[in-house]
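Please treat every number below as a calculation from the coordinates, not as lab data. Just so it is clear, the model here is predicted, and its values are computed rather than measured. Cβ placement follows ideal geometry from the backbone for every residue including glycine, while neighbour counts extend to all protein chains displayed.
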Amino acid sequence: MIFPEEFDIIYYKKNHQDLQSLTDDLLLKHYNQFGIAEGRQCSLGQIRDYYKTINKNFVKCLEIGPFDTPILVGNNVKYFDVLNKENLIIRAKNINRINNINNIPYIDYVEKNGNMNVINEKFNIVLSCHSIEHQIDLIKHLQDISKLLEKDGYYIIIMPDKRFCFDHYISESTIADILDAHYSNRKLHKLKSVIEHRVLICHNDSSRHWNKDNGEQKLNIEIIKNSINEFINSEKNNIYVDVHSWQFTPDSFRKNINILNELNYIDLKIERIYNTIFNSNEFIAILKK
């Protein structure tokens, strides 16, 4: 088996001393009733570090948007980004992220608009980390990923759980949102996404969110005005504004992917979706072609 089970009974029991007396049936019942909400670890697949060596199991791998913290490293890994290595170094310096500059890899495929059609080969695995939520058209993104995958290839997605990041107060994305974005054929983020990202966000401290301290939104008139102007300038001058378009939880992502598959918009199916662990703001999904 390439990827761990979503719920590993042995792992769950081993990592939680208060559950040692429970039978296997009661362990699963406990996890469903209490463990998920408590963010208890139940599988190695929930941990980002697990994927740092996953490329050893595959011949050809691609990571999207590695910036200064690539997950996959090795001779069988290539990288795609909107900036080349030199410009990523400049960006890191500009935003005062100098500690990991030496980790920025050579970018094999560069396309300033994020168009992956420039990639002329196929891979056994594609991985993206905190990238999918920025995609303007989620369906097209998943279709483009499929074109890059060999048969039986996997797409590993590390994405924010909107409940435990600055997206907390923003509504979960629905199938209506996803289909509307696809048929709108937009090349830039819509005003709704810009307003949400600039105005309706809150703090990004996942531990505070887990402790029900969600803070307040930035409901400020000047910020709203600036966001509208930012959107107008984006439309007028064809400038990409980097914001979130999608807000998911593990359950809502599973539901939407299943619907898209049943409607034949995508040919990627869910292999695993690992629930968010305590004090983390991300979950991990694995789709298979």
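With an 8 Å cut-off on Cα pairs and a minimum separation of 6 or more residues, tell me the relative contact order of the range 164-237 in percent.
41
Subtracting the Cα-Cα distance from 0.36 nm times the residue separation, let me have the gained length for GLU121 to ASP18 in nm, one decimal.
Full-extension gain reported as 32.1 nm.
When N counts the residues of the range 164-237, how does its alpha-carbon radius of gyration compare numerically with 2.2 N^0.38 Å, as a ratio? Mind dumping the intermediate values first?
Numbers: Rg = 14.3 Å, N = 74, 2.2 N^0.38 = 11.3 Å.
Against the empirical 2.2 N^0.38 Å value, I get 1.26 for the range 164-237.
Given only helices, namely DSSP H runs of n ≥ 4 each adding -39500 (n - 2.57), what is the per-residue ellipticity at 222 nm of the chain, to the nearest 500 deg cm²/dmol?
Result for the chain: -9000 deg cm²/dmol, rounded to the nearest 500.
To make sure I understand, if each residue's beta carbon is the centre and we count other beta carbons within 10 Å, what order do GLU230, GLU222 fall in, fewest to most?
GLU222, GLU230
Most exposed first by the Cβ proxy, i.e. fewest other Cβ within 10 Å, how do HIS182, HIS141 rank?
Working: HIS182 18, HIS141 23.
With the fewest neighbours first, HIS182, HIS141 line up as HIS182, HIS141.
For the pair ASN238 and ASN102, what calculated FRET efficiency results from E = 1/(1 + (r/R0)^6), where r is the Cβ-Cβ distance and R0 = 25 Å, to the nearest 0.05? Working shown, then result.
Values: r = 34 Å, r/R0 = 1.37.
Computed FRET efficiency for ASN102 and ASN238: 0.15.
Can you compute the FRET efficiency between ASN185 and LYS93 using 1/(1 + (r/R0)^6), with r the Cβ-Cβ distance and R0 = 30 Å? Round to the nearest 0.05.
Details: r = 36 Å, r/R0 = 1.20.
Computed FRET efficiency for ASN185 and LYS93 comes out at 0.25.
Just report the Cα centroid separation between the range 254-289 and the range 69-107, whole Å.
What the calculation gives is 27 Å, centre to centre.
Using the 10 angstrom Cβ neighbour count as an exposure proxy, how do TYR79, TYR106, TYR154 rank, fewest first?
By the 10 Å Cβ count, ascending: TYR106, TYR79, TYR154.
Taking the DSSP beta bridges in the chain as the whole, what percent of them are antiparallel, to the nearest 5? Please list the in-between numbers first.
Numbers: 12 of 29 bridges.
Antiparallel: roughly 40 percent of the beta bridges in the chain.
So which GluC sites (Glu not before Pro) in the range 167-217 pass both tests, a DSSP loop state and at most 14 other Cβ atoms within 10 Å of the Cβ?
GLU216
Going by average Cβ neighbours within 10 Å, how do the peptides 264-273, 126-135 rank, with the highest at the top?
Going by the mean number of other Cβ atoms within 10 Å, highest first, we get 126-135, 264-273.
Relative contact order for the chain: what percent, with Cα pairs under 8 Å and sequence separation of 6 or more?
Relative contact order of the chain: 20 percent.
Highest mean first, what order results for 15-23, 255-263 on Cβ atoms within 10 Å?
Values: 15-23: 11.6, 255-263: 15.7.
The peptides rank, most packed first, as 255-263, 15-23.
Assigning unit charges at the beta carbon (Lys, Arg +1; Asp, Glu -1) and nothing else, what dipole magnitude in debye, to the nearest 20, does the chain show about its Cα centre?
Dipole size: approximately 440 debye.
Relative contact order for the range 197-289: what is it in percent, counting Cα pairs under 8 Å that are at least 6 residues apart?
For the range 197-289, the relative contact order is 23 percent.
If a helix is a whole DSSP H run, which ones in the chain reach 30 Å or further along their own axis (Cα) and hold a mean Kyte-Doolittle hydropathy of at least 1.0? All intermediate terms of the calculation are to be shown ahead of the outcome.
Values: long enough: none.
Membrane-span-like by this rule: not one helix.
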